[in-house]
1. Distance in nm between label sites at T678 and L410, each 7 Å beyond Cα in the beta-carbon direction?
2. Length gain on complete extension for the stretch E383 to V455, per 0.36 nm per residue less the alpha carbon to alpha carbon distance?
3. Find the centroid of the Cα atoms in region 302-325 and in region 336-385, then give the distance between the two in whole Å.
4. So how much slack lies between A438 and Q639, counting 0.36 nm per residue of separation and subtracting their Cα-Cα distance, in nm?
5. Please give the FRET efficiency for E87 paired with A537, using the beta carbon to beta carbon distance and R0 = 41 Å, rounded to the nearest 0.05.
6. For the residues I555, I344, I596, what sequence is obtained by ranking on other C-beta atoms within 10 Å, fewest first?
7. Between F513 and A27, how many nm apart are label points set 7 Å from Cα along the C-beta direction?
8. Between region 163-178 and region 9-41, what's the alpha-carbon centroid distance in Å?
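A short reminder: the numbers here are calculations on the coordinates, not readings from a lab. From a predicted model like this one, the values you see are computed outputs, not experimental measurements. No Cβ is skipped: glycine too gets one built from the backbone with ideal geometry, and neighbour counts run over all protein chains shown.
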Amino acid sequence: MNRSRRFEILDGRDINRETFVEPWAEAGLIVADSPHDPQPSLRIEGGRVVKMDGRRREEFDSIDTFIADHALDLDAAAEAMATSSLEIARMLADISVPRARVLRLAAGCTPAMLVKIVSHMSVLEMMNGLAKMRVRRTPANQAHVTNKREHPALLAADAAEAARRGFAEVETTVGVARFAPFNALAILVGTQTGRGGVLTQCSVEESLGLRLAMKGLTTYAETLSVYGTERAFVDGDDTPWSKAFLASAYASRGVKVRFTSGTGSEALMGHAEGCSMLYLEARCLLVTRGAGSQGVQNGSISCIALPEALPGGVRVVLAENLLASMLGLEVASGNDALASHSAIRKSAKLMLQFIPGTDLIFSGYSAIPKGDNLFGGGNFDAEDFDDYSVLQRDMQIDGGTRSIAEEEALEIRERAARAIQAVYEELGLPPISDEEVAAAVVAHASADMPARDVVADLAAADSFMAGEETVLAAVAALQRRGFSETAANILELGRQRVAGDYLQPSAIFDRDFKVQSGVNDPNDYTGPGTGYRVGGARWEEIQNIRQQKSPRDFIAAQLGEPSGKLVELGPARAGTQTEVILAVGPAFGRALTKTIGELEHEEVLAAILTGVAEEGLTARILRVSHSSDCAEIGHVGAQLSGSGISVGLQSRGTTVIHKRGLARLSNLELFPQSPSLTLETYRAIGRNAARYAKGERPTPVPVQVDNWARLRLIVKTALLHRRETEEVRDLPPFELAFDWEPDV
């Protein structure tokens, strides 16, 4: 079969490197509306749930029991379950319904009822609901900082840069579990060098994670995974009660706790029981609420490719984020794992959380290159920093980050790498050399770093974990070596753990160690003019991306002093011989001296005149003062040309070959792609103009089309045209003399 060339090209697009399948409910490969999902129901007798979502109490599994006994607000349940799911869905989308009213009803909803509510909602309506139901008024963001070599200097430098870029939380993990204490220490020192108050964690096995927290090396935990089926919980060696116990153990040490769940995990483990991903996630979220967790990392997380393979998968990821916020949970809304080969698709997915805002828009923006991310890639990574900053600026949205200059990044990276070097030296750990520090300052990835003695590092890490030393040893080391600000920030984090204020719902610290949470920064969105609005100093910060320039800088190269080779002779006269008129704009060779393509005006004139001379004709030059429009400049020249042919030339380089008798906006040849015009092109334009003047029918001059030029140069184009227009005067055309040597 002969293949369509278009379909061959489509087959090669990034989007077609991905997997798309039909739903299969029995295997759990269905994101919503499985025929095995139960219908909402609830019966309470004697203050006790005896039936829920079609199951009698004696049929409950452990998850049903935990939800019935610990997650449902029975004071609100009767009203909630008696209210139609459609009515609650409309409350979510209705800006006039207060958040508190929806929260109260959602607290009394069973898993099936929660799912039915969002089943009525479009993506747009869910985004509106998420904007209202987010716990904290002010959105924030979390970063991943890891590297394949588990290099402490690079971890500290990258963590410091992430902190300076505005991330409220920074998470690391390990390739080798025994590296955990040193990786946690490196990002703690790094973040608190970047700015005080950034919360950190090391994602490891839960008992090890708790030990790291008790040594003061971490300040939050979010790796407490929960599942929507009993068998998946068993395979995870857990129950809802053990998760609740572990959460209380963390909280008792002043450590913020967030659970992890997300659509697709049960199907991936082979224990979906024929239910939809969204229904199972609703069960997870009620377990999270019942266990007393501050929030949840959800949005499919590492399973994202599974729901995305199915119809409606990205919609359901948004739905699970919304369900979590309806239950009053802080939401770190995924966007962490690689979601697509397609840049279009990954960005579209992000918008569902980016536009309405979530408590933490990424549960791990990869602040390092994807290849160094031990969490499994990164939907957005360090190479997307500038893109993400521009998205915030484009939409006036607070995405939780800021743009920084290269000099600022280098300075803070060096300070952090020096700080961890000092800690290692003071504590007698395997030394970090000056060479390693220097490499970490400028490195993009771990491949840029010298190798370390891994065996020695691991032995030191084992000794540290087995010993009595805590984070206070690092604080003392930093203080002794002159890193007093970093030491003070780490010590303040410890004090805050004792105070416990950041155990409030959806709590983070601002740059002054002030807690921002659902208690003192509650979401008050009720429609236009309410809720969090980006303005003031924060809007100034978002606008001030590192690429931003003064508009005047864009045309500085085109401004110059006239050379004196173009001289006004007096009012232009109508020609009587076969000639070509070269009509230029009011700023040409005066206020502006170069085209947008950086060609000197005098060189352009010489090229056109040379082309005319090559055809044996002469040309006159005149300046049109009353208009900056290219068509009008060429039209005026054609009226005064003895042959009726003119070349109209704007100062930025846009050119037209015009003919007397044609309407102003008509022409013989138009050359709008001025950045692509070369001196040879202008010479060819002169030749063709002369051929038209002689009555010939030449082949039009070929022009290179650059479809990206507008993106690069539209601001410069507008500014150059503005400068040309500033020179417009109500004067007749003037003839010009040009001192030049023809190249014939």
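1. 3.6
2. This chain segment gains 22.7 nm when fully extended.
3. With region 302-325 and region 336-385 each reduced to a Cα centre, they are spaced 15 Å.
4. 65.5 nm
5. 0.50
6. I344, I555, I596
7. 5.4
8. Spelled out, the Cα-based centre of one part sits 32 Å from the other.
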